[in-house]
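Undergrad: Take this structure, written in structure tokens, and hold onto it; I'll ask about it next.
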Amino acid sequence: DYAKENNIPLYPSCNFQYIGKDTLFDGFNANKNAARTLENMVSYTYEMNLIAQVNMSEDKKIVVSSKHYGSLISDFISKYSKYNINSLSLSMMGYYLNGDYNENNVIDRHAAKGHIVEQIERLKDKKFDLAVNIGNFYTLKGVSFITEAPLQSSNNYLFDSTVPFYQIVLHGIIPYSSDPLNM
């Protein structure tokens, strides 16, 4: 109410790509809705320390198959429509593309991108203001705000210095924010 009264944009963040807890009767079934690995097992993601190659936490999240994003988003919107939500942050949907190697219906990263674009267009048609983290090119057409915009290049050994290309392209088109510089 405060944000609405003071004309402050508010983007509740929802992560439809990963499920932290799967409980009975929550509407999600890991055996049916989760992405599969090449071995046809349920796919999980962990917070990793890439240098030590160890899990940083015991928390693992189930990777959702991109073909189920639509039903998850629809369920979320119907459940929380009482709050008059007209803006939403799709979290890392603007950055991660997860394949699903279910032997009955393989979804590669290109098809996963198509599912994400489809959901962004569907939400825009329903008059939602959308935000994403990092914001790859395929999301730019449908979002109103980008968080965690990159400030550096990939620091590939071929580059002598960083050019703020991402910021140059987005300047004046889509508002964005980055990580705090004083951290």
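Undergrad: Among 113-125, 161-173, 35-47, 15-27, how do they line up from the highest to the lowest mean number of other beta-carbon atoms within 10 Å?
TA: Order by mean packing, descending: 113-125, 35-47, 15-27, 161-173.
Undergrad: Further, regarding this structure: Can you work out ³J(HN,Hα) from phi for every residue in the range 111-127, in order, using Karplus 6.51 cos²θ - 1.76 cosθ + 1.60 and θ = phi - 60°, giving whole Hz and x for Gly and Pro?
TA: Each residue of the range 111-127 in turn: 5, 4, 4, x, 5, 5, 4, 4, 5, 5, 5, 5, 5, 5, 5, 8, 6 Hz.
Undergrad: Sticking with this one: Grab the other residues whose beta carbon is less than 11 angstrom from that of Lys61, score K and R as +1, D and E as -1, and report the net.
TA: Details: positive: Lys21, Lys60; negative: Asp22, Glu47, Asp59.
Surrounding charge for Lys61 is -1.
Undergrad: Could you tell me which residue out of Ile19, Tyr95, His115 lies farthest along the dipole of the chain toward its positive end? Charges go on the beta carbon: Lys and Arg +1, Asp and Glu -1, centred on the Cα centre.
TA: With unit charges placed on the Cβ atoms, the residue in question is His115.
Undergrad: So what's the net charge close to Val117: Lys and Arg +1, Asp and Glu -1, counting the other residues with Cβ under 11 Å from its Cβ?
TA: +2
Undergrad: While we're on this one: How much length, in nm to one decimal, is gained on full extension between Arg122 and Gln167, taken as 0.36 nm per residue of separation minus their Cα-Cα distance?
TA: 13.5 nm
Undergrad: The list (1) 15.1; (2) 13.9; (3) 11.7 gives values of mean projected area of the Cα convex hull in nm², and only one came from this structure; which label was calculated from it?
TA: Correct label is (2).
Undergrad: Just to confirm, what accessible area per residue do you get for the chain at 1.4 Å probe, in whole Å²? All intermediate terms of the calculation are to be shown ahead of the outcome.
TA: On the way: 12510 Å² over 183 residues.
Roughly 68 Å² per residue, with all protein chains present.
Undergrad: Most fluctuating residue of Ser65, Ser87, Ser74 in a GNM of the chain with Cα springs under 10 Å: which is it?
TA: Evaluated over the chain, the most mobile residue of the options is Ser74.
Undergrad: Explain nothing, just the number: relative contact order of the range 1-143, from Cα pairs under 8 Å at least 6 residues apart, as a whole percent. Mind dumping the intermediate values first?
TA: Details: 210 pairs, mean separation 37.0, N = 143.
Answer for the range 1-143 is 26 percent.
Undergrad: To continue, here is another question. What percent antiparallel are the DSSP beta bridges of the chain, to the nearest 5?
TA: Details: 10 of 18 bridges.
So the antiparallel bridges in the chain amount to around 55 percent.
Undergrad: Further question: For the range 117-183, what mean projected area does the convex hull of the alpha carbons give, in nm²?
TA: Its Cα hull, projected and averaged over all orientations, spans 5.7 nm².
Undergrad: Just from its helices, what would the mean residue ellipticity at 222 nm be for the chain, if runs of 4 or more DSSP H residues each count -39500 (n - 2.57) and the sum is divided by every residue, rounded to the nearest 500 deg cm²/dmol? Let's see the in-between values first.
TA: Values: 5 runs with 42 residues, N = 183.
Calculated mean residue ellipticity at 222 nm is -6500 deg cm²/dmol.
Undergrad: Something else about it: Hey, got the dipole for the chain? About the Cα centre, +1 on K and R Cβ, -1 on D and E Cβ, debye to the nearest 20?
TA: Values: 16 positive and 19 negative charges, 103 e Å.
Using Cβ point charges on Lys, Arg, Asp and Glu, the chain gives about 500 debye.
Undergrad: Could you check how much of the accessible area of the range 57-152 is carbon and sulfur, as a whole percent, using a 1.4 Å probe?
TA: Details: 2480 of 5190 Å².
In the range 57-152, the share of accessible area belonging to carbon and sulfur is 48 percent.
Undergrad: Taking 7 Å along the Cα-to-C-beta vector as the label spot, tell me the Tyr95-Tyr44 distance in nanometres, rounded to one decimal.
TA: For the pair Tyr95/Tyr44, the computed spacing is 2.2 nm.
The values are calculated or read from the model by the stated rules, or taken from the named source; none is laboratory data. Keep in mind that what you see is a predicted model, and the values were worked out from it rather than measured. Don't worry about glycine lacking a Cβ; one is built from the backbone with ideal geometry, like all the others, and counts go over all protein chains shown. The accessibility values were calculated without ligands, DNA or RNA, using every heavy atom of the protein model including side chains. Shrake-Rupley method; radii C 1.70, N 1.55, O 1.52, S 1.80 Å.
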